[in-house]
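The structure under discussion appears below in the form of structure tokens.
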Amino acid sequence: MLNRRTFLRASSAAAGGMLVSLYIDLPARAQSPALPIYPPDAFIHVRPDGTIVIQVNRLEFGQGVQTALPMILADELDADWSHVVGELAPAADVYKDPIYQLQMTGGSISVPHSFQQYRELGAQMRAMLVATAAQSWGVMPAQCRTENSIVYGPANQSARYADLAGDAARRPVPGEVRLKTPSDFRLIGTPVRRLDSRAKCDGSLRFGMDVDLPGLKVALVARPPVYGGRVKSLNDREARGVAGVRDVFEVPIIRGGIGVAVVADTFWMAKQARDRLNIEWNLSGVEHADTSQMRTRYAELSRTTGNVAVSRGDVTVLDRIPAADRIVADFSFPYLAHTPMEPLNTTIRFDGDRAEAWVPSQFQTMDQIAIAEVLGLKPEQVTFHTEYAGGGFGRRTPLDSHVQREAAAIAKRLRGTPVKVMWTREDDVQGGYYRPMFVHHVEVGMDARGMPAAWRHVVVGQSHIIGTGPPWEGGLVKNGVDELVVEGTADSRYAIPNFHVSAHQPTINVPVAQWRSVGMTHNAFVMETLIDELAVRAKIDPIAYRLVLLRPDAKKLRNPLALLDEKTKEWRFRVPRNHAVGIACNEYHETGVACAVEVSIESSRPRIHRATVTADVGMAINPLTLEAQFQGGIVYGLSQLMANGAITFSDGRVNQRNFDGHTPPYMKDAPVEMDVHIVASTEAPTACGECPVPVISPAVVNALFRLTGKRYRMLPLATL
């Protein structure tokens, strides 16, 4: 996929050794005309002690990319893995995603988009080291081989990469390199312990929240209770009297609102002072969202046709199918919070003509630009460090970079003093940017075989893309429909002949953003519970029914379903009394996932005794990390079912504030047993991080139907 015109930039680091940056041009078809074109950069630093430092052009926030990408490069390099170190790259044009031309981590694209890039970088570096050794020995490069960071010659010669690096840095980058075949891989496809595990376990790894600098101050912001509210009057006398408080001032925040920043020497001092602020808010002129009223409004909209996302065949066939052969279903999904373990934070030092930022950022390019805009600088004047993040799940990807803009506005006032803006858990739960609330209305008509003959589907809910402008809106919105709102319905892999999906996307005064697996979170639930209902009516096994209904080209779902059938045969038909099995599947970003769960009801709540997950992810880079990702994704996906997992609004105010009122899944909610099986493949790797999330909730409620005889279409689940 990559052109071969490259050039080399070599320089010596303070510790000596070799620092190589490889710039690679992209083919025209991979370039977005709406974005400036910047070549990607990955670099390798071979230190004199043999350590090989590999830069990772993404954010590491639990998904394992800080190990996976170095594995890919190190395999082609034939590096000694015990000496490999992965570092998170700073914000820079050369680290932008090869396809999207933004430095970002999202949509589960890290490995799929950088797989070829990192392989070529490793192979090019290896070729340069081999050529250097071959020249010194007077032999041909083809006579040499490499293993564990050593080049071996035909006459028992050997040379360490570290000893060859200096001379290799002066060689031209080869235009063509031979990449390994999968049978030659030594790292890829093997279970490898993550490079960051030990530091995370012993507490030595620094996250964004841990950043500490000489003279650092901490800032907290008091925000209006309704989005878009502004300060009417402020009495900060008592707050300023708290020891360690340095400043109190108004600051712009999201939705055109105005908050009050409190700057102090420590977090606790800032919090104590913020609690003592006496603020009267001006909440006039802004919508006061109310989820109860919204649900009624959404339900009314769902009975009308919205902007058409897909129309195939003649959906009016549905109107001629007898009522007994039709399903009419209404679904309701609440706002959901992301609640990553590490709340939001950003540290900035503004020195007038330059700035430095330390950010656990998923969108380095956009966050760097946002900071520069607020400070009146060019992006290149902002040195941007990517910090490790304690989870994200979509919360670190709002397209307005509001956290960084807020922090930059505070840093601008504190010129010369580094300031860390922190959010508390209450700020996070009540501060906005949720998975949108949705309502679905679906009508399905069956043919004589019990297969869907016609399907009419209306989705109602906010878009977090519409209104953002290019490039996002231009690329994702078609016919007035945000593709992310209807993904999993409009692009369903099921072969339904007469199929119509439309969407209403109302504008509501509630900030929304991606939630892990985006539109699939609600759309897969609707599709998979209805498909299960059809299978029950047709009296066909739910796996067999799906295999019959899938389009012939849907191999990414056929493979996991076939593997799921194989792996669950021993227990799926022999569950204890008062236990039941539920099935669901989904394809997301070219990765197919299937899930089977064994469920009972305990204390009026579902108890998941076993979950088996199968997936076709193409080539599995690190099976150990994949297993962890899928286990974590399954548990996170249960958030939709939690009785107190919803975010609700009354008079514009969020009713929940912390984990006492907003309940995530706990250990008792997770499956007692969970096994993950990956379809064997040598195809290019596809997405992993978000793919398991959509399947667990529909699988659980499909099992609950078999226990209670009820179909569950309103989430979160009430008492069973």
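The values are calculated or read from the model by the stated rules, or taken from the named source; none is laboratory data. As the structure is a prediction and not an experimental result, all values here were calculated from the model. So basically every Cβ, Gly included, is an ideal-geometry build from the backbone, and we count neighbours across all protein chains shown. Heads up: the accessible areas ignore ligands, DNA and RNA and are worked out on the full protein's heavy atoms, side chains in. Shrake-Rupley method; radii C 1.70, N 1.55, O 1.52, S 1.80 Å.
Assess whether Gly390 counts as being touching a strand residue (DSSP E or B) at 6+ places or on another chain (Cβ under 9 Å), part of a loop (DSSP other than H, G, I, E, B) and open to solvent by less than 40 Å² (accessible area, probe 1.4 Å).
yes
Looking for something open to solvent by less than 30 Å² (accessible area, probe 1.4 Å), at pLDDT 95 or above and either out of contact with any Leu (no Cβ under 9 Å at 6 or more places or on another chain) or assigned to a loop (DSSP other than H, G, I, E, B) (or both) - is there at least one such residue anywhere in the range 259-272?
Yes, the range 259-272 contains a residue that is open to solvent by less than 30 Å² (accessible area, probe 1.4 Å), at pLDDT 95 or above and either out of contact with any Leu (no Cβ under 9 Å at 6 or more places or on another chain) or assigned to a loop (DSSP other than H, G, I, E, B) (or both).
Is there a residue in the range 143-150 that is part of a loop (DSSP other than H, G, I, E, B), within 19 Å of Ser82 (Cα to Cα) and either out of contact with any Asp or Glu (no Cβ under 7 Å at 6 or more places or on another chain) or not aliphatic (A, V, I, L, M) (or both)?
Yes, the range 143-150 has at least one match.
Identify, by number, the condition in (1) β-branched (Val, Ile, Thr); (2) outside any loop (DSSP other than H, G, I, E, B); (3) open to solvent by 40 Å² or more (accessible area, probe 1.4 Å) that Thr304 doesn't meet.
Among (1) β-branched (Val, Ile, Thr); (2) outside any loop (DSSP other than H, G, I, E, B); (3) open to solvent by 40 Å² or more (accessible area, probe 1.4 Å), the lone unmet condition for Thr304 is (2).
Which number in (1) open to solvent by less than 20 Å² (accessible area, probe 1.4 Å); (2) in contact with a helix residue (DSSP H, G or I) (Cβ under 9 Å, 6 or more places away or on another chain) marks the one condition that Met140 misses?
Looking at each condition in turn, Met140 falls short on (1).
As an exercise: evaluate Tyr545 against (1) aromatic (Phe, Trp, Tyr); (2) closer than 23 Å to Tyr636 by Cα; (3) in contact with an Asp or Glu (Cβ under 9 Å, 6 or more places away or on another chain) and give the number of the one condition it does not meet.
Failing condition for Tyr545: (2).
Restricting to the range 432-454, what's the tally of residues that are closer than 17 Å to Ala646 by Cα, out of contact with any Pro (no Cβ under 7 Å at 6 or more places or on another chain) and either without any contact (Cβ under 8 Å) to a residue 60 or more places away in the chain or not in a strand (DSSP E or B) (or both)?
1
Looking only at residues that are out of contact with any strand residue (DSSP E or B) (no Cβ under 6 Å at 6 or more places or on another chain), open to solvent by less than 20 Å² (accessible area, probe 1.4 Å) and among the small types (Gly, Ala, Ser) in the range 671-720, which one is nearest to Val635 (Cα to Cα)?
Ser697
How about the range 587-611: which of its residues are surrounded by 24 or more Cβ atoms within 10 Å (Cβ to Cβ) and either hydroxyl-bearing (Ser, Thr, Tyr) or at positive phi (or both)?
Within the range 587-611, Tyr588, Thr591 meet the criteria.
In the range 624-662, how many residues are surrounded by fewer than 21 Cβ atoms within 10 Å (Cβ to Cβ) and in a loop (DSSP other than H, G, I, E, B)?
Count: 13.
Kindly establish whether Ala131 is touching a helix residue (DSSP H, G or I) at 6+ places or on another chain (Cβ under 8 Å), at pLDDT 95 or above, in a strand (DSSP E or B) and small (Gly, Ala, Ser).
Details: touching a helix residue (DSSP H, G or I) at 6+ places or on another chain (Cβ under 8 Å): yes; at pLDDT 95 or above: yes; in a strand (DSSP E or B): no; small (Gly, Ala, Ser): yes.
It is false that Ala131 is touching a helix residue (DSSP H, G or I) at 6+ places or on another chain (Cβ under 8 Å), at pLDDT 95 or above, in a strand (DSSP E or B) and small (Gly, Ala, Ser).
Of everything in the range 393-423, what is part of a helix (DSSP H, G or I), open to solvent by 30 Å² or more (accessible area, probe 1.4 Å) and more than 22 Å from Thr105 (Cβ to Cβ)? Give them in sequence order.
Residues satisfying the conditions are Lys412, Arg413.
Considering the range 437-470 alone, what residues qualify as being closer than 21 Å to Ile254 by Cα, open to solvent by 10 Å² or more (accessible area, probe 1.4 Å) and of a type outside the set (S, T, N, Q)?
His464, Ile466, Gly467, Gly469, Pro470
Can you find a residue that is in contact with a helix residue (DSSP H, G or I) (Cβ under 9 Å, 6 or more places away or on another chain), open to solvent by less than 30 Å² (accessible area, probe 1.4 Å), modelled with pLDDT of 95 or more and within 23 Å of Glu342 (Cα to Cα) anywhere in the range 68-81? If you could, list the steps in order and put the result at the bottom.
Step one: of the range 68-81, the residues in contact with a helix residue (DSSP H, G or I) (Cβ under 9 Å, 6 or more places away or on another chain) are 68-81.
Remaining after also requiring open to solvent by less than 30 Å² (accessible area, probe 1.4 Å): 68-79.
Restricting the remaining residues to those that are modelled with pLDDT of 95 or more gives 68-79.
When the remaining residues are screened for being within 23 Å of Glu342 (Cα to Cα), the result is 68.
Scanning the range 68-81 turns up at least one residue that is in contact with a helix residue (DSSP H, G or I) (Cβ under 9 Å, 6 or more places away or on another chain), open to solvent by less than 30 Å² (accessible area, probe 1.4 Å), modelled with pLDDT of 95 or more and within 23 Å of Glu342 (Cα to Cα).
Cβ contacts < 7 Å: first residue part of a helix (DSSP H, G or I), restricted to the range 313-340; second residue of a type in the set (A, V, I, L, M) and at pLDDT 95 or above, any location; separation 6+ or different chain. Result?
Correct list of pairs: Val315/Ala454; Val317/Ala453; Val317/Ala454; Leu318/Ala454; Asp325/Met446.
Out of the helices (runs of 4 or more DSSP H) lying entirely within the range 455-549, which hold 1 or more residues that are over 21 Å from Val693 (Cβ atoms) and acidic (Asp, Glu)?
Result: 472-476, 520-538.
Looking at the structure I just gave you, is Leu283 buried (at least 18 other Cβ atoms within 10 Å of the Cβ), at pLDDT 95 or above and over 30 Å from Pro506 (Cα atoms)?
Details: buried (at least 18 other Cβ atoms within 10 Å of the Cβ): yes; at pLDDT 95 or above: yes; over 30 Å from Pro506 (Cα atoms): no.
So Leu283 does not fit the description; no.
Is there any pair linking a residue in the range 114-136 that is closer than 12 Å to Ile44 by Cβ to one that is part of a helix (DSSP H, G or I) and open to solvent by 10 Å² or more (accessible area, probe 1.4 Å), with Cβ under 9 Å and at least six apart or on different chains, and which?
Pairs that qualify, where the first residue is closer than 12 Å to Ile44 by Cβ and the partner is part of a helix (DSSP H, G or I) and open to solvent by 10 Å² or more (accessible area, probe 1.4 Å), are Tyr118/Val111; Met128/Leu164; Leu129/Leu164.
Being within 30 Å of His113 (Cβ to Cβ) and of a type in the set (Asp, Glu) narrows it down to one of Glu598, Glu570, Glu587, Glu602, so name that one.
Glu587
Kindly indicate which of Pro665, Pro685, Pro671, Pro698 is part of a helix (DSSP H, G or I) and either more than 27 Å from Pro542 (Cα to Cα) or under 25 Å from the mean Cα position of the chain (by Cα) (or both).
Pro698
Anything in the range 93-119 that is surrounded by 20 or more Cβ atoms within 10 Å (Cβ to Cβ) and not in a helix (DSSP H, G or I)? List them, or say none.
Lys96, Asp97, Pro98, Gln101, Gln103, Met104, Thr105, Gly106, Gly107, Ser108
Would you be able to say whether some residue in the range 174-196 is within 22 Å of Ile621 (Cα to Cα), in contact (Cβ under 8 Å) with a residue 60 or more places away in the chain and touching a Pro at 6+ places or on another chain (Cβ under 6 Å)?
Restricting attention to the range 174-196, the residues satisfying the condition of being within 22 Å of Ile621 (Cα to Cα) are 177-196.
Now restrict to residues that are in contact (Cβ under 8 Å) with a residue 60 or more places away in the chain: 179-180, 182, 185-196.
From what's left, touching a Pro at 6+ places or on another chain (Cβ under 6 Å): 191.
Within the range 174-196, one or more residues are within 22 Å of Ile621 (Cα to Cα), in contact (Cβ under 8 Å) with a residue 60 or more places away in the chain and touching a Pro at 6+ places or on another chain (Cβ under 6 Å).
Quick check, is Arg605 in contact (Cβ under 8 Å) with a residue 60 or more places away in the chain and charged (D, E, K, R)?
yes
Quick one: would you say Glu87 is modelled with pLDDT of 95 or more, within 19 Å of Thr383 (Cα to Cα) and among the charged types (D, E, K, R)?
yes
With (1) open to solvent by 60 Å² or more (accessible area, probe 1.4 Å); (2) modelled with pLDDT under 95; (3) within 39 Å of the chain's Cα centre (by Cα); (4) not aliphatic (A, V, I, L, M) as the list, and Asp184 as the residue in question, which single condition is left unmet?
The one condition Asp184 does not meet is (2).
Are any residues in the range 187-208 assigned to a loop (DSSP other than H, G, I, E, B), touching a strand residue (DSSP E or B) at 6+ places or on another chain (Cβ under 8 Å) and open to solvent by 30 Å² or more (accessible area, probe 1.4 Å), and if so, which ones?
Leu195, Arg206, listed by residue number.
When the range 209-250 is examined, which residues are found to be farther than 21 Å from Lys420 by Cα, assigned to a strand (DSSP E or B) and either modelled with pLDDT under 95 or charged (D, E, K, R) (or both)?
Within the range 209-250, Arg230, Lys232 qualify.
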